[in-house]
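Here is the structure we will look at.
The values are calculated or read from the model by the stated rules, or taken from the named source; none is laboratory data. What you see is a predicted model, and the numbers here were worked out from it, not measured in a lab. No Cβ is skipped: glycine too gets one built from the backbone with ideal geometry, and neighbour counts run over all protein chains shown.
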Amino acid sequence: MKLSQILSFPNQLTLLRMMFLPFIVIRLVEGHYNLALILFVIAGLSDGLDGLLARTLKQQTVLGQYLDPIADKLLLSSVFLTLSILHKIPWKFTVLVFSRDISILLASAVLYMIAGLRDFSPSIFGKANTFAQVAAVFFVLLFEINHARWAGILKLTFLRATFSFTIISAVHYVFLVGKRLHSLGHTASSA
């Protein structure tokens, strides 16, 4: 791997986002939801910014293609887990989120090893799932700061959206993998 990939500004932002994670978790455990929310929003903004900069500055790298989703999953999974331990998110949501992510990770590793498949671009349902998770965490934290009824409604709405999109995106992923393996089988048998 070239040092220039690591030193590219978008990848530096992604690495910075990963470094925010322990501070967010510490703030959550200490009950400092204001600070946790501010750090979470900054991490979220850096996620959007690194992708925008990579495209604008033409600094898209192979490292960034792997690092960005890893940073997203680490952040969201860790925050979901911490909030469940703190009884702020019911465990069923966290277990579902973890189950989907671990299944996709394992399936990707197996497909890479047996078929050499590498490109696992996120689907529209995967992106909707990530958005729902980010919004759910945002409103869970906001509700801890301000117990307004509207914040509670939005918290519940996005937790339910996370539940739905986690299932839909997992099913869609299985469908896409099956389709790619099927086309790979046709290519191999016609060769």
*Quick one: how many residues across the range 156-176 are surrounded by fewer than 18 Cβ atoms within 10 Å (Cβ to Cβ) and hydrophobic (A, V, I, L, M, F, W, C)?*
8
*Mind checking whether some residue in the range 92-100 is farther than 22 Å from A128 by Cβ, buried (at least 16 other Cβ atoms within 10 Å of the Cβ) and assigned by TED's automatic domain parsing to the domain that holds K127?*
no
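Yes/no matrix, rows are residues, columns are (1) surrounded by fewer than 16 Cβ atoms within 10 Å (Cβ to Cβ); (2) touching a His at 6+ places or on another chain (Cβ under 6 Å); (3) not assigned by TED's automatic domain parsing to the domain that holds A128:
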site: Y33; (1), (2), (3): no, no, yes
site: L39; (1), (2), (3): no, no, yes
site: L74; (1), (2), (3): yes, no, yes
site: T82; (1), (2), (3): no, no, yes
site: I102; (1), (2), (3): yes, no, no
*asked:* Scan the range 53-72 and tell me whether some residue there is closer than 30 Å to N146 by Cβ, among the β-branched types (V, I, T) and either in a helix (DSSP H, G or I) or out of contact with any strand residue (DSSP E or B) (no Cβ under 8 Å at 6 or more places or on another chain) (or both).
replied: no
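Results for (1) under 14 Å from the mean Cα position of the chain (by Cα); (2) at pLDDT 85 or above, shown as yes or no for each residue.
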position	(1), (2)
M1	no, no
L37	no, yes
S46	yes, no
L53	no, no
T61	no, no
L75	yes, yes
